[in-house]
Structure formats: structure tokens, C-alpha cells
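The values are calculated or read from the model by the stated rules, or taken from the named source; none is laboratory data. Owing to the predicted nature of the structure, the values given are computational and were not obtained by experimental measurement. Cβ coordinates were reconstructed from backbone atoms using ideal geometry, including for glycine residues, and neighbour counts include every protein chain displayed. Surface areas here come from the heavy atoms of the whole protein model, side chains and all, with no ligands, DNA or RNA. Shrake-Rupley method; radii C 1.70, N 1.55, O 1.52, S 1.80 Å.
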Amino acid sequence: MSEHLLVVDDITLRFGGVTAIDGVGFHVDEGELFSIIGPNGAGKTSIFNTLSQVYRPQEGDILWKGESIMGMRPDKVAELGIARTFQNIELFANMTVVDNLLTGRHVRMNSSWLSGALWFGPAKKEEMENRRKVEDIIDFLEIEQYRKLPVALLPYGIQKRVELGRALAMDPVLLLLDEPVAGMNQEETEDMARFILDIRRELGIAMIMVEHDMGLVMDIADRILVLDFGQKIAQGLPDDIQQNPDVIAAYLGGELTG
Amino acid sequence: MYRRPKLYTSYEQETQLLPTWTQKGLAGAFIAVLFLLPFDIPVITDPIPGLGWLPIFGDGIPVVRFLGDGEWIRVTSQVLVLAIAALGLNLLSGVAGQVSLGHAFFMGVGACTAAYLGGHADSQVWGHSLPIWIWLPGAGIAAALVGIIVSPVAVRVRGIYLAIVTLGLVFVGIHLGNMSFGRKIAGPPSLGREFQDLDIRLWKEETPLINMSDDGRWLFFDVTEEQKRYLFFLVLAIGFTVLAKNLVRTRTGRAWQAIRDRDIAAEVMGVPDFKSKLEAFAISSFFAGIAGALVVSLSGHLLSDEFNLFFSVEFIAILLIGGAGTTSGALIGTFFVIMIPRFVEEFTRWLADAEGGVSGAVANAILTGGEGDFGFVSSGIESQGWPLSVADWNVVLFGVLIIVFLIFEPLGLFGIWIKVRNYWKGWPFSY
Ligand SMILES: Nc1ncnc2c1ncn2[C@@H]1O[C@H](COP(=O)(O)OP(=O)(O)OP(=O)(O)O)[C@@H](O)[C@H]1O
Ligand SMILES: [Mg+2]
């Protein structure tokens, strides 16, 4: 088949009577910044949950580099290189920033419980190497001063950054960002936008971004998918989406100029 | 802060168990004290040739005496052994967040395995008289295997349901102990069986490599049986503490904490749910199995119904009071839960002996048993109904403590310690 990184092939996801995703299909290419927008309850988060196989769609298929990931365990999907942040922060609250990021590196580490329990030798070596990688990410996200704090104590904006860091720690090929700037002020939003652009430019990681901030989406997305009530109502370049009458109708005109 | 925190030069130093020299020194001193605890100081009572005139060799009275007689050494040994079990439960419940009421069951599995492998056969019970280097690890491994067998069920349930499933294990265990093969291993119900000593043999030879069951002489020191066992348990307890600490600070331990804090997110971030929980069950049960075998070696008698629900609950109390999720908390909690009843008992005994004066008045206000007083503690060890006995008051005390800690200090004694420490670090500024 094609050389698309990810192909979502007409998936349908139902919860009892509710159809959260209704035959939606799209694809994402390597290094691309793809954006999914739509009103509340449109099914954006549900799409992410099917990609990480937390939810299993009843119909359709999801292909990663040409191979189906349907029925795979979520941790196996993560191993493939699909990392993610969450709409409502899902950090490991009692762990420090460093430990949260190191947990992100879990899939890239090998030490067994036995070598960990003994510490000296391979486990220690691996800890040091991965610690270095984590410190690079901490530098990149400018959160040095919070390194040793339990994340529960951090302000919201910083937690959002730590969550991005944890996803980056996985060395992902595709990064799913669920409303990365929701609830942030202007300055925090600009910082986050800068990080996202840097991630794409410097690391070449493909991204799917779900976001309500239309200004941000129109600025940085390569292509946009618009959902409403679980259905695809439009897909295309930012300029086309802004002009699309269906999209304008779904948003009641207002927000798109943002 | 008036003192800048030291900047670490490398991650290697930062990830050490005891990063600063002060911490290393304090820990070293603490461990040295633990090793000296069962001895009278100076430990050498025979005058060294030519030095007999030194005052310390004078009349044979030790200068410093910590634990003194066998009773306190035995209680402290018990703390060391149960600390191993508490460390194990802390990994499963405190670190991985899987609350288990079945810890006593796994300890029982360890104890029975040890008795089967290392005990001596007679008309009533099986036993293979194998040496300790087989039966002790065997106890841990058998418990771990049973942990692996039950985990497919345990991994599927969460929270209160897991507590109930594991609670069932304790009753299954007691039932198994009463079945015919169980009796062959654990001895007749409520009679139990003799448990082997801790002698270290290569195989089944007559004279052990290291004699642990008689008083004797190690290097230049006279050591009693109790002191030998104490030292043995201390070495093991330190070893298991280090293992537990290492687990928590490496990949496996982080996976456990992640599952505890956010199980779905942990999976999405690549932490395998089943595998991690299975490892937690197996490793925690391994600790329990070892501790179970050691705890019966302490009394020299295995009684399978001692591994009951109350025993399990005691470990929950240890974690809650000490501070769940932290290794130090598990250790402090064990010390507190095992030692405090002893102190209360001693105090009552002291009161019972008090006559006249202030202590006599206090005794009268607290104890009953004398004439015309209104005390609320029965001076007898056993008591039915009001006034409660010392043992009953201990149960009440722990109940109250658990509730108080749950409400006011979820981090337990460890949390209090951290607060005190931070207060003094920042002194005289409160922030
Ligand atoms: N676990 C679930 N059980 C039942 N219904 C669900 C579940 N998850 C999502 N839904 C339903 O699916 C629909 C889509 O929800 P989803 O969270 O994907 O929307 P969204 O586009 O992310 O919205 P928002 O912008 O508010 O985050 C909603 O109607 C929601 O109620
Ligand atoms: Mg959503």
C-alpha cells in the first residue's frame, strides 16, 4: 500500500446507543502536523483513544506503517512509537518530574526487575544513559527548576509541559496532543506553540493535534480534519477549512477567525 | 534558605541511595549501632592479656547495655524479620498500589515450604532435613510461585475487590493447612510442628558449618543463640532493604508507581499492566515467604493458623502508620507496631509494681485490680470485658492510630519525620 505513516480506515466506535466516531478515515504522513478540530463531544479524544487502543472501534481498521494495530495492547502500541498527552493531565502525580519522564523511557529501556534490584552493573548503566536523555528533554522544555518536585505540586501550565516531556521521552514517531494549550494564558500558549514547532523542526516527529484554539491550529497545522457528531465534515489545508461553509456552520461562524 | 543546597555534579552521585557524606555517615553509624545492639559494651569481657588493669575489665559489669537479656533481643529480632515482610507488602500495596490482605497467606506458604524442605520427618509430618541455603530461598520462591499463580485473577480486579480476593486467600490457606496433606506439612491443627534451627550446613552433615542454635564464640566474641540469630536477621533485613530500594528507583519500580498513580495512562505510555502487576505480586510474595520462614524459626514452632487475617491486617497497619509507599516508612512502621505494645506492657508492669507517691497514684488511676479504684486497664494480661486488658488496649490504640494517620497524616510517621526535618533545615524561618 501507500507509504503513509498512519492510516485510519473508516472507523466506527459506539458506546451503547452513542456513536462517538462514525466512519471516519484519514491518514498522517511522516513528519506532518495534522490537526483534528470540532465542537465539544465531536469525537476527537475518542479517536486518540482508538489510536492507543484504549477503545476498540467496532468497524474499520487502523494501519501503522501498513500493518493493522487493531486489538493490540496499549503498551505495545506505545512501543511502536505512538506517544500521547491527555486532555485532562494524566501525569503520575506522586512521582517527580524526572521520574515521570523516566517512566516515559520505559519502552526504550530493558533492565529486568532482577538487574534493577541488584542495581550495580547493567541497570545502573542504563539508568545513567536514560537519565541523560531525560535531562536533555528537561532542558529543552525549560523545566529545570522543577526536576525534583512531585508533579502534583506544579502549576497547571508546567504540568502540561511535563506531560509533553513524558511523551517525548518515549522517542516517538507520532505524537498525539490532546488540547495542548487548553486553559493556558497567552504567554504559556506561545511557549507551547514554540515547543511544538521545535519538536517538528528539530526532531521531525509527526503529530496529530486536537485543539480548540483556532488561531494556533490555523497557524501551525499542515492539514486539518473537522469532526462534528462523530462524522467527518471536512478535511484539507487550513485556508480551505477556513472558507468551508459546512465548517463555518458547525462552529456557528464565530470561532474560526480566532 | 540560609544554606544553598549542594549542587550535584553528576547523575551518578544524585541517584545514590545516600547522596551526601552526612547521610552516609549517619546511615553508617546507625547500622553500626544496630549491629552492637544485642551486645554489652565493651563486647570483650575477658581481659585482654596485659590490659586487665583497665577499668572496663574491672568487675565484669558492662559499661553500656542496650538490649540486655534474651527477651528484648527476641522482640527486636521479630521486628527485623517482620520488616522484611513489610518491605514486601510495601512494594505491592504502597508502591504498586495493589492493596492486598493476603500477605499472611504468602508468609504461611513460605513457612510451610521451609518446614517441608528443612524440617525433620516423623510419623506425623513430612520433612527433608535440607540445609538452610535450600529451605530459605525455597520458602521465598514457593511463595513467589503461588503469587504468580493467583495473579491472573488478582490483576483483573482493582481496589476494594482486590482486597476481598486476597482476603479469600488467607482462608484458603488455613483450609489447606487443615487438609490431610496440609497436616503432613504444617502438623496437626492447633498443634503444629517443630521448626528447624538456623544452623548453616553444606548438606546434612552432623556438625554445622556455622552453628546458630547454641551459644558459642565468633572471632573473639562470646555470642548467645539469640545474638547470633539477631545478627543473621539484621544482615538479611539490610539486604532486603537495599533490594527494595533498588527496585523502587529503577525501571520496574517506576512502572509500579505509574500503575498506582494512573493505570490507564501508564499502559498508554508503554508500561505493561499485567506483567508489572505480576512482578509486583511475585516479588512481594518472595519477601513474604522468606519472612514467613524466618518468623517461625524465631519461635521454633510452626502453627499454620497463625497466618490469619489479623496477621495480614497488622501489615496494613504497619504501612499506614509508617507511611505507605516509602521504604523507610515500612521499616519505621514495623518497629512502631511491634515495639509499642511491648513498651505499653512494660509500662503497665511498672505501674503494677508502683506503690505510693506519684507513680502509685498514676497506677491507681489507670489500673484496676486494687481495691476501690476506677482504673480502665486490667492489670491482668487476660481480661474479659471491661476493664480491658493491656492487649485489648493495644488493639484499640492501633485502631485509633490508623484512623488518625489516615485522616491527618497519610504519609504516616515518615511524613511526620520529613516535616520535622524540613522544619529544622529551614530554622529559624518557617518557610
Ligand atoms: N467511555 C465512554 N463511554 C461512553 N461514552 C463516551 C465515552 N467516551 C466518550 N464518549 C462519548 O463519545 C462522544 C465523543 O466524546 P469525545 O471525548 O471523543 O469528544 P471530544 O471531541 O474529545 O470533545 P471535547 O472537545 O469536549 O474534548 C461524546 O458524546 C461522549 O459522551
Ligand atoms: Mg476531548
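In the structure displayed, which of A:K125/B:K277; A:K148/B:K419; A:K44/A:K148; A:K124/B:K425; A:K148/B:K425; A:K125/B:K419 lie more than 22 Å apart, Cα to Cα?
Violating the 22 Å Cα-Cα cut-off are A:K125/B:K277; A:K44/A:K148; A:K124/B:K425; A:K125/B:K419.
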(message) Taking the Cα of B:W133, stepping 7 Å toward and past its beta carbon, and measuring to each backbone N in region B:205-240: which are under 19 Å?
(response) B:205-213, B:232-233, B:235-237, B:239-240
(request) Would you mind checking which residues have amide H under 5 Å from B:G127's amide H? H placed 1.01 Å from N; only 5 or more apart, or other chain. (result) B:A121
(request) Please find the FRET efficiency linking B:F221 to B:I416, where r is the Cβ-Cβ separation and R0 is fixed at 41 Å, and quote it to the nearest 0.05. (result) 0.65
(message) Run the paramagnetic zone check for B:F66: 7 angstrom along Cα to Cβ, then residues of region B:236-258 with backbone nitrogen under 16 Å.
(response) B:236-239
(message) Can you give me the long-range amide H partners of B:V223? Hydrogens built in the peptide plane at 1.01 Å from N, cutoff under 5 Å, separation of 5 or more residues or another chain.
(response) B:G216, B:R217, B:W218
(request) Please average, across the residues of A:63-75, the number of beta carbons from any other chain that are within 10 Å of each residue's own beta carbon, and give a whole number. (result) 2
(request) Using θ = phi - 60° and the Karplus relation 6.51 cos²θ - 1.76 cosθ + 1.60, list the HN-Hα couplings for region B:167-176 in order, rounded to whole Hz, with x at every Gly or Pro. (result) 4, x, 4, 4, 6, 4, x, 5, 5, 4
(message) Please give me the summed charge of the neighbours of B:K184: other residues whose Cβ is under 13 Å from its Cβ, Lys and Arg +1, Asp and Glu -1.
(response) +1
(request) Just grab the label-to-label distance for B:Y161 and B:F30, each label 7 Å out from Cα along the Cβ direction, in nm (one decimal). (result) 4.0 nm
(request) Name the long-range amide H neighbours of A:V54: under 5 Å, sequence gap of 5 or more, or other chain; modelled H, no Pro or chain starts. (result) none
(message) Just the number please: accessible area per residue for the protein assembly as shown, 1.4 Å probe, all protein chains included, in Å².
(response) 47 Å²
(request) Take the Cα of B:V404, step 7 Å along the line toward its Cβ, and report every residue of region B:322-350 whose backbone nitrogen sits under 20 Å from that point. (result) B:322-324, B:329-348
(request) Within the set of other residues whose C-beta is less than 14 Å from the C-beta of A:A206, count the net charge using Lys and Arg as +1 and Asp and Glu as -1. (result) -2
(request) Compute the length gained on full extension between A:D240 and A:E142: take 0.36 nm times their separation in residues and subtract their Cα-Cα distance, giving the result in nm to one decimal. (result) 31.7 nm
(message) Averaged across B:253-260, how many Cβ atoms of other chains sit within 10 Å of each residue's Cβ atom?
(response) 6
(message) Can you return the aspartates and glutamates within cross-link range of A:K232? Criterion is Cα-Cα under 13 Å, with same-chain partners fewer than 8 residues away left out.
(response) A:D9, A:D10, A:D22, A:D246
(message) Among DSSP bridges having both ends in the protein assembly as shown, what percentage is antiparallel? Round to the nearest 5.
(response) 60 percent
(request) Taking the dipole about the Cα centre of the protein assembly as shown, with the C-beta of Lys and Arg at +1 and of Asp and Glu at -1, give me whichever of A:M192, B:S77, A:N88 is farthest to the positive side. (result) B:S77
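What total accessible area, in Å², is buried where chains A and B meet, using a 1.4 Å probe and rounding to the nearest 100?
Approximately 3200 Å², summed over both chains.
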(request) Heavy atoms only, probe 1.4 angstrom, no DNA, RNA or ligands counted: give me B:K425, A:K124, B:K245, B:K277 ranked by accessible area, highest first. (result) B:K425, B:K245, A:K124, B:K277
(request) Take peptides B:129-135, B:301-307, B:406-412 and line them up by average Cβ neighbours within 10 Å, highest first, as a rough protection proxy. (result) B:301-307, B:129-135, B:406-412
(message) Within the protein assembly as shown, what whole-number % of the accessible surface is contributed by carbon and sulfur, with the 1.4 Å probe and all protein chains included in the calculation?
(response) 62 percent
(message) Quick one: 3J(HN,Hα) in Hz for region B:336-347, Karplus 6.51/-1.76/1.60 with θ = phi - 60°, rounded, Gly and Pro as x.
(response) 5, 5, 7, 7, 4, x, 5, 5, 4, 4, 4, 4
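Just counting partner chain Cβ atoms within 10 Å, what average do the residues of peptide B:238-249 show around their Cβ?
Partner-chain Cβ atoms within 10 Å, mean over residues of B:238-249: 3.
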(message) Around A:Y156, under 14 Å between beta carbons, what's the net of Lys plus Arg minus Asp minus Glu among the other residues?
(response) -4
(request) Filter the chymotrypsin sites (Phe, Trp or Tyr not before Pro) in region A:97-142 to those in DSSP coil with at most 12 other Cβ atoms within 10 Å of their Cβ, and list the result. (result) A:F120
(message) Along the Cα→Cβ direction, 7 angstrom out, place labels at B:I210 and A:L153. What is the inter-label distance in nm?
(response) 4.2 nm
(message) Below 23 Å, Cα to Cα, which lysines can B:K204 reach? Residues fewer than 8 away in the same chain don't count.
(response) B:K184, B:K228
